[in-house]
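The block underneath contains the structure these notes are about, expressed in structure tokens.
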Amino acid sequence: MKKIEAVIKPFKLEEVKDALAEVGIEGMTVTEVKGFGRQKGHTEIYRGSEYTVDFLPKIKLEVVVADEAAEGAVKAITSAANTGKIGDGKVFLSSIDEAIRIRTDETGNEAL
Amino acid sequence: MKKLFPILTILLALFASPLLGQDAEQPTATPSTEESTKPADEEASTDGEAKELTDEERANAVADKAKAEAWLEGQSLASEYSSLDDDDKRIEDYAIDSFVVSGDTAWMIVATALVLMMTIPGLSLFYGGLARRKNVLSVLVQCFACTALMTLLWTIYGYSVASSGDGQFFGDFAKVCLKGVGVDTVSGTIPESVYFTFQMTFAIITPALIVGAFAERMKFSAVLIFLTLWFTFSYLPVWHMVWGGGYLADKWEAIDFAGGTVVHINAGIAGLVACIVLGKRQGYPKSPMPPHNVPFVLIGAALLWVGWFGFNAGSELAADGVAGMAQLVTQVATATAAFVWMMTEWILKGKPTAVGIATGAVAGLVAITPASGSVGPMGAIAIGAAAALVCYWTATSLKHKLGYDDSFDVFGVHGVGGIVGALLTGLFFINAETGVEFVENKLKGQIVSVIVTIIWSGVVSYIALKIADVFCGGIRSTEDEEIQGLDVADHGEEGYQL
């Protein structure tokens, strides 16, 4: 099983969710995060002092999928989240040792 | 350099208006019948081109004159009566049951509520929004606790020490625990109870203002002790000197209609001393500490603006033309200041911010306060514009140059705004009868009252902080408490459970 972590622009979340559903992936966990890569922040003014805000709001998406489904899922995410501009985000893959469904105690691919 | 041109244009436009406005002013020639001391029939007989009055008109004019004279006599009798001691035999001469004017009383009861609203929740939200999220409750609680504490202190001894007695600097204890003040006791044309509570709301908001200077780093216990000492030894004497017939009113005829010196300079200087003695917040000025809730700041500023009608117009202690004009100039000066601050920020920084326009409005409110009983609308524009420009410079430039951490610009806006307003109060005037605005030099009393208040408040604040230091084993929160946030450290609560 593979874990796919994707950091994407927040407004792209709906599109990515729909793209994953099209390749058969229905569950995911989403967190609101802040971050930056090469994208610059913006300047805010407060009572005359300016300061730059580097951290930009992003969405982190996590899905765990069967090995065979990983490539299709990654492709779905990257094409849906792509805007062509700096700050689109990144996708990371890692291996998962085990997965268990809490309600039924199923393990492995049945738990996904 | 090129940014100076629009600024100079605005300056010229706003400062030229009171000077140009004088020539264009037409005197308002019709006084109301109640205030008139020139009866209609007398005017008719001395004016060669007057039309003949019918008998009925003549009778009505005579009746109006009698009514007006009776009213005036009642007014002067009322103030004479209220100044007599309880055991003065002359009280028996006053056959009338009560000199209380119901219109004045109704207005003053409302004004009292408006001014209380200025502290809770006006100032509380204004400061609360400017604070960081982890300190929002500490600010709100300090304002609320100040309301409760000052109510008690004013009732027990504050009112007496401020307003009763003939000392130059302090009153006496004749009205401690409101001795002699009952349901029917009169002060001018309103019940003394109403006057007492109205002034109490001033005693509440003034210490609450200081809270913003040392916010986010002072121990709650130290705050309460410091404010109690400052109230007793700075607020009460300055009140007495300006409004209680003491040194500044008696020897220098200082003009302070609603509290430019008593409230704003007094609190502003205390704030400056406190923030310097306490030291800067951790991370200041490198770490950005933006307001955690700007909508709160705007709501707070709006509540202050609306409530200020009670503050300024209520300081007339009557529902009359002076109160009406006070409300007018308050609105005009505040709007001018908000607008000028907005334009200044737009020109200098590229974008007009929400915090900026709210701060500009507050600066205008502060500056018009001492002048609200004596200035006219064009003078109000000048005062509002001046306050916005000077306070903008103090809050943004001077603060960073001098390096003190005045958390919410209490000195920058209230202190400096109060100084600007107090000084300009000695320059711009309006003739009450004709409505003509004019410039006259009465600066001497103003300058003296500003200097005396600055020195008095500064010295008392420093000593009060040192005493609080001893009582509380340190006035500043520990490093850990400051990082954790005062809400959890001092109050064991979190502001938001989101």
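The values are calculated or read from the model by the stated rules, or taken from the named source; none is laboratory data. Quick caveat, the model's predicted, so the values are computed rather than measured. Methodologically, a virtual Cβ is constructed for each residue, glycine included, from the backbone with ideal geometry; neighbour enumeration extends over all protein chains shown.
Observations
- Here the strands (runs of 3 or more DSSP E) wholly within segment A:1-47 that include at least 2 residues being touching a residue at least 40 places away in the same chain (Cβ under 8 Å), in contact with a Ser or Thr (Cβ under 9 Å, 6 or more places away or on another chain) and away from every other protein chain (no Cβ under 14 Å) are A:2-8.
- Residue B:337 vs. criteria buried (at least 24 other Cβ atoms within 10 Å of the Cβ), more than 14 Å from every other protein chain (Cβ to nearest Cβ) and in a helix (DSSP H, G or I): yes
- Taken over segment B:311-324, the criterion of being surrounded by fewer than 24 Cβ atoms within 10 Å (Cβ to Cβ) and either within 14 Å of chain A (Cβ to nearest Cβ) or out of contact with any Gly (no Cβ under 9 Å at 6 or more places or on another chain) (or both) is satisfied by B:321, B:324.
- Residue within segment B:477-489 that is assigned to a loop (DSSP other than H, G, I, E, B), farther than 20 Å from residue B:14 by Cβ and within 14 Å of chain A (Cβ to nearest Cβ) present: no
- Residues in segment A:81-94 include none that are within 14 Å of another protein chain (Cβ to nearest Cβ), surrounded by fewer than 16 Cβ atoms within 10 Å (Cβ to Cβ) and assigned to a loop (DSSP other than H, G, I, E, B).
- Candidates are the residues of segment B:141-154 that are among the polar types (S, T, N, Q) and within 12 Å of residue B:211 (Cβ to Cβ); the one that is surrounded by the fewest Cβ atoms within 10 Å (Cβ to Cβ) is B:147.
- Check on residue B:373, more than 23 Å from residue B:169 (Cα to Cα) and either small (Gly, Ala, Ser) or surrounded by fewer than 23 Cβ atoms within 10 Å (Cβ to Cβ) (or both): yes
- Residue in segment B:170-179 that is out of contact with any Leu (no Cβ under 9 Å at 6 or more places or on another chain) and in contact (Cβ under 8 Å) with a residue 24 or more places away in the chain present: no
- Residue B:256 being charged (D, E, K, R), closer than 23 Å to residue B:195 by Cα and at pLDDT 95 or above: yes
- Unmet criterion (only one of (1) surrounded by 18 or more Cβ atoms within 10 Å (Cβ to Cβ); (2) within 14 Å of chain A (Cβ to nearest Cβ); (3) under 22 Å from residue B:415 (Cα atoms)) for residue B:256: (2)
- Total residues in segment A:48-59, condition touching a strand residue (DSSP E or B) at 6+ places or on another chain (Cβ under 8 Å) and within 14 Å of chain B (Cβ to nearest Cβ): 5
- Any hit, segment B:274-290, residues being within 14 Å of chain A (Cβ to nearest Cβ), aliphatic (A, V, I, L, M) and over 19 Å from the mean Cα position of the chain (by Cα): yes
- Filtered residues of segment B:325-334 (kept if among the aliphatic types (A, V, I, L, M) and either within 11 Å of chain A (Cβ to nearest Cβ) or surrounded by fewer than 24 Cβ atoms within 10 Å (Cβ to Cβ) (or both)): B:325, B:328, B:332
- Residues of segment B:291-310 classified as touching a Gly at 6+ places or on another chain (Cβ under 7 Å), buried (at least 19 other Cβ atoms within 10 Å of the Cβ) and either of a type in the set (Asp, Glu) or within 14 Å of chain A (Cβ to nearest Cβ) (or both), total: 3
- Members of segment B:155-183 found to be buried (at least 22 other Cβ atoms within 10 Å of the Cβ) and of a type in the set (A, V, I, L, M), listed by number: B:161, B:162
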